[in-house]
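Reading through the structure tokens given below for one structure.
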Amino acid sequence: MPLTLKLIQSHPRKLTVLTSQYAVIGLPLKLATVITLASFAIVFLYKRTNKYSGLQNQPRSTYSGPYRGISNPESRAVYFGIPVFSYEELQQATNNFDQARELGEGSFGTVYYANLQDGREVAVKRLYERNYWPVESFNNEIQILTCMRNKYFVSLYGCTSRHSRELLLVYEYVPNGTLSCHLHGDKAKHRILPWHVRMRIAIDTASALTYLHASDIIHRDVKSSNILIDNNFCVKVADFGLSRLFPNDVTHVSTAPKGTPGYVDPDYRMCYQLTTKSDVYSFGVVLVELISSMPAVDMSRDRDEIKLANLAVRRIQRRAFCELIDPSLGFQSDDKLKRMIVSVAELAFQCLQGDNELRPSMSEVLEVLQRIESENDEPASFEGIEIHGARVPQSYTRPPLPNMKLQRHHQTL
């Protein structure tokens, strides 16, 4: 018989006591084990619940554009170095986008005068609709104006996030209106811009565009209403919503023509090939506005001259400057002034060539304007230029490239 069985048979009472003792000792061990397991379960469930709760609190939408990778743009104080405003703040600043505060309209939105809570006067652009083009315009404005620093560009103070009710951009407020207003708008009724001011505006605008082209960017919407004027009549070029990157290793960018009627390069409109010379053409229209005080488009003119560019080309071809130049400038009584204005008209003639290969570059345009202002300009030769089938006799020599060194600051658009 085994020893264990003998012990059980010989000492049954001791076995009962021993079993009772083990039962008493095992009870706390079982309770401790249950409590420990329960604790682990509670901790596990708590962490898991918090994890899913945190995921649910995060934005569920994903999007592309400059805010990619930012889970909640409005929680950030700045973006690309500029503040992110809430829609409600800008709504209040514009008095609920009061029509009386409208400053004008850009390519993709209406601009309003606004007062921020910190007392600053600003201009707020309210984009029309949230479709492809306004969103691209929104992106372009932010990327260009936060990466390009130039005293002739309007400053961007901030924007709303892509999650806001509407896309809004906040700019510095330029109080003296646009060049268009001063030439043939409300301000023209009260004060005529003297020639030396117009000349300075032309040079400042050409400087801005030269800098832009040197940074591989085409503005694509150069016009007098996008040239803002401050109280000192200094230029601030605005509205970069249509701008495009122009890599220096290509000859053109193929894209559907965009821009404002009366300013769009006819070569670009016909061939769908955007180049820096497209801006040159538009600037040529601005030059004609400066010397004539006429709008770029006027339906009251003869059909063939509704576009100011067509009118100017015909007058300059016939050398009928008296029919083009604003008589209020007094050029007929001042031979020196007349030579300067005629030189600018002839430069505009170069810019308005139908074939973009015949147009000068913006840096060349800037150099000629600076020579004219310094009164060291030699009469330009326009011999051999063909416009709409008409040819000016003999040969044409383009001015030399200026020696300009400009820093490039841009990001891919």
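Only one of (1) under 21 Å from MET270 (Cβ atoms); (2) outside any helix (DSSP H, G or I); (3) modelled with pLDDT under 95 fails for HIS409. Which number is that? Going through (1) under 21 Å from MET270 (Cβ atoms); (2) outside any helix (DSSP H, G or I); (3) modelled with pLDDT under 95 one by one, HIS409 breaks only (1).
Would a scan of the range 296-315 turn up a residue that is within 24 Å of ILE203 (Cα to Cα), surrounded by fewer than 24 Cβ atoms within 10 Å (Cβ to Cβ) and more than 32 Å from the chain's Cα centre (by Cα)? Checked the range 296-315: at least one residue is within 24 Å of ILE203 (Cα to Cα), surrounded by fewer than 24 Cβ atoms within 10 Å (Cβ to Cβ) and more than 32 Å from the chain's Cα centre (by Cα).
Being at pLDDT 95 or above and among the acidic types (Asp, Glu) narrows it down to one residue among GLU289, GLU305; which is it?
Answer to the check: GLU289.
Would you confirm whether any residue within the range 272-288 is surrounded by fewer than 18 Cβ atoms within 10 Å (Cβ to Cβ), in contact (Cβ under 8 Å) with a residue 24 or more places away in the chain and not assigned by TED's automatic domain parsing to the domain that holds ARG101? No, the range 272-288 has no match at all. Can you spot a residue in the range 84-98 that is closer than 16 Å to VAL154 by Cα and at pLDDT 65 or above? Among the residues of the range 84-98, not one is closer than 16 Å to VAL154 by Cα and at pLDDT 65 or above, which makes the answer no.
Can you tell me which of ARG319, ARG315, ARG339 is more than 23 Å from LEU193 (Cβ to Cβ) and either assigned to a helix (DSSP H, G or I) or assigned by TED's automatic domain parsing to the domain that holds TYR263 (or both)? Sole residue among the options that is more than 23 Å from LEU193 (Cβ to Cβ) and either assigned to a helix (DSSP H, G or I) or assigned by TED's automatic domain parsing to the domain that holds TYR263 (or both): ARG319. Only a single item in (1) more than 16 Å from the chain's Cα centre (by Cα); (2) of a type in the set (Gly, Ala, Ser); (3) surrounded by fewer than 22 Cβ atoms within 10 Å (Cβ to Cβ) is not met by ALA206, and it is number (3).
Within the range 108-131, the set of residues being touching a residue at least 24 places away in the same chain (Cβ under 8 Å), in contact with a strand residue (DSSP E or B) (Cβ under 8 Å, 6 or more places away or on another chain) and not hydrophobic (A, V, I, L, M, F, W, C) comprises GLY109, TYR113, ARG120, GLU121, LYS125, ARG126. Within the option set GLU102, GLU141, being over 20 Å from ALA296 (Cβ atoms) and surrounded by fewer than 21 Cβ atoms within 10 Å (Cβ to Cβ) holds for one residue only, GLU102. I'd like to check something: does the range 121-144 contain any residue that is touching a His at 6+ places or on another chain (Cβ under 9 Å) and outside any helix (DSSP H, G or I)? Taking every residue of the range 121-144 in turn, none turns out to be touching a His at 6+ places or on another chain (Cβ under 9 Å) and outside any helix (DSSP H, G or I).
A single member of HIS182, HIS219 is surrounded by 19 or more Cβ atoms within 10 Å (Cβ to Cβ) and touching a strand residue (DSSP E or B) at 6+ places or on another chain (Cβ under 7 Å), and it is HIS182.
The values are calculated or read from the model by the stated rules, or taken from the named source; none is laboratory data. Since this is a predicted model, take the numbers as computed values, not measurements. Note that each Cβ is placed from the backbone with ideal geometry, even for glycine, and that neighbours are counted across all protein chains shown.
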